[in-house]
Amino acid sequence: MSTKLNELQNATVGMTVGVIEVLCLQPFNYCKNMIQQGQPLSFDPRKLYRGVGANAINMGSCTMIQFSVGGSLKKMVLGGEDRQLKTHEEMGTGIAAGVVSALVGSPLELIMIQQQRKGGNSVETFKSIATPNNFLRGFIGAAVREGLWTCGYLSIPPIVRRNLREMYPDKFDSDAKARVPAALLGGLFACYLTQPFDTVKTCMQGDIERETYGTFTETAKKISQDGFTAFYRGATFRYGRMVCAVFMMDTLQQMVGPLLYPNAFK
C-alpha cells in the first residue's frame, strides 16, 4: 500500500498481487485446512485446487481492501508530512486494514472450505449456505487473523528491511538482500500469533451443521481438549505458505505499482 497511489490504484495493485499469490500457493492452503479439521489429505491436483476460484476472489478482494484502506490510513496518519511512519503507526494501519477486509474474506473462505470438504462448484456451494447465520460464522477468528496477517505482510517487512539497512549497511546494501529475512520474520509473526484463531475459524466454517463445533468460545474449548498444540494443527503448511506469500507480496507490490502506474512513481 503506497502513499504515492490513490485508493483505487492501491486497490488495483492489491487485487492483482492477491490473485497471483493464491494461484501459486493454493495447495498449501488446502493441506492446512484439511489437517486443522482432521480430514485426510489428497495430492490429486483437482482436490489441491478445489475452491481456488472462491479463494482467488477472497484474496484478491481482501488484499485490494487491505491496500486501499491501509494506504488511506497511512496518508491520514502522516497528514501531509514528508516522513517515515513510526513502527506503531505502520503496525496499527496494517491491523486496522486487515480487520476491515475480514468482512469480505470470512464469507468467501466459508465457501472455499465447504468446497474443499464436500466438492461442488462455488455457485452450488454459495446457494447451499446462503443464510446470514452461516455467512458470519467464524468472523471473529477471521478478523483477528486478518488484522495480524496484514500487519505481518504489509507492516513488518518494511520495518525489518529499514532497520537491517540502517544497522547493517554493508551486509544489506539493497532492499532485495533484506527482503528474505524480512519475509521470514513477517511470516513467523503472521503465522504463529494468528494460528489459534485461524484453527477455530476453520473448524467452525467446516462444520456449518454445528454437529461438533458451536460458537467461537465452544469451538475453542472443544479444540483445547486435545491440548494446546491442537490449535497449531497445519501450522507447518501455513507457515510455509506465509513465508512465500510475504516474500511474494512484498516483492510484487513494489513491482506491480510502478508497472501499472508509472507516472505516480516519477
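The values are calculated or read from the model by the stated rules, or taken from the named source; none is laboratory data. As the structure is a prediction and not an experimental result, all values here were calculated from the model. Please note: Cβ atoms are built from the backbone with ideal geometry, for glycine as well, and neighbour counts cover all protein chains shown. The area values use the complete protein model at the heavy-atom level, side chains included, leaving out ligands, DNA and RNA. Shrake-Rupley method; radii C 1.70, N 1.55, O 1.52, S 1.80 Å.
Here are the numbers:
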{"quantity": "Selection count where residues are modelled with pLDDT of 80 or more and either crowded, with 18+ Cβ neighbours inside 10 Å or closer than 19 Å to residue 199 by Cβ (or both), scope the range 105-128", "calculated": "15"}
{"quantity": "Every pair of residues 6+ apart whose Cβ atoms lie under 8 Å, when the first sits in the range 246-266 and is closer than 19 Å to residue 148 by Cα while the second is open to solvent by 30 Å² or more (accessible area, probe 1.4 Å) and in a helix (DSSP H, G or I)", "calculated": "247/180; 248/20; 248/24"}
{"quantity": "Close pairs from the range 118-133: first more than 20 Å from residue 49 (Cβ to Cβ), partner modelled with pLDDT under 80 and in a helix (DSSP H, G or I), Cβ under 6 Å, at least 6 apart", "calculated": "none"}
{"quantity": "Any chance residue 201 is basic (Lys, Arg), touching a helix residue (DSSP H, G or I) at 6+ places or on another chain (Cβ under 9 Å) and buried (at least 17 other Cβ atoms within 10 Å of the Cβ)", "calculated": "yes"}
{"quantity": "In the range 75-92, the residues that are within 16 Å of residue 253 (Cβ to Cβ) and either open to solvent by 100 Å² or more (accessible area, probe 1.4 Å) or within 19 Å of the chain's Cα centre (by Cα) (or both)", "calculated": "90"}
{"quantity": "Exclusive hit being of a type in the set (Asp, Glu) and at pLDDT below 85, set 170, 198, 175", "calculated": "175"}
{"quantity": "Search result, residues across the range 208-249 that are of a type in the set (Val, Ile, Thr), more than 19 Å from residue 34 (Cα to Cα) and under 22 Å from the mean Cα position of the chain (by Cα)", "calculated": "243, 246"}
{"quantity": "Index of the failed condition, residue 193 passing every other in (1) crowded, with 18+ Cβ neighbours inside 10 Å; (2) under 18 Å from residue 33 (Cα atoms); (3) under 18 Å from the mean Cα position of the chain (by Cα); (4) of a type in the set (A, V, I, L, M)", "calculated": "(1)"}
{"quantity": "So residue 95, is it more than 19 Å from residue 186 (Cα to Cα), part of a helix (DSSP H, G or I) and within 23 Å of the chain's Cα centre (by Cα)", "calculated": "no"}
{"quantity": "Residue in the range 156-177 that is within 23 Å of residue 95 (Cα to Cα) and open to solvent by 80 Å² or more (accessible area, probe 1.4 Å) present", "calculated": "no"}
{"quantity": "Test result for residue 40, more than 24 Å from residue 266 (Cβ to Cβ) and open to solvent by less than 70 Å² (accessible area, probe 1.4 Å)", "calculated": "no"}
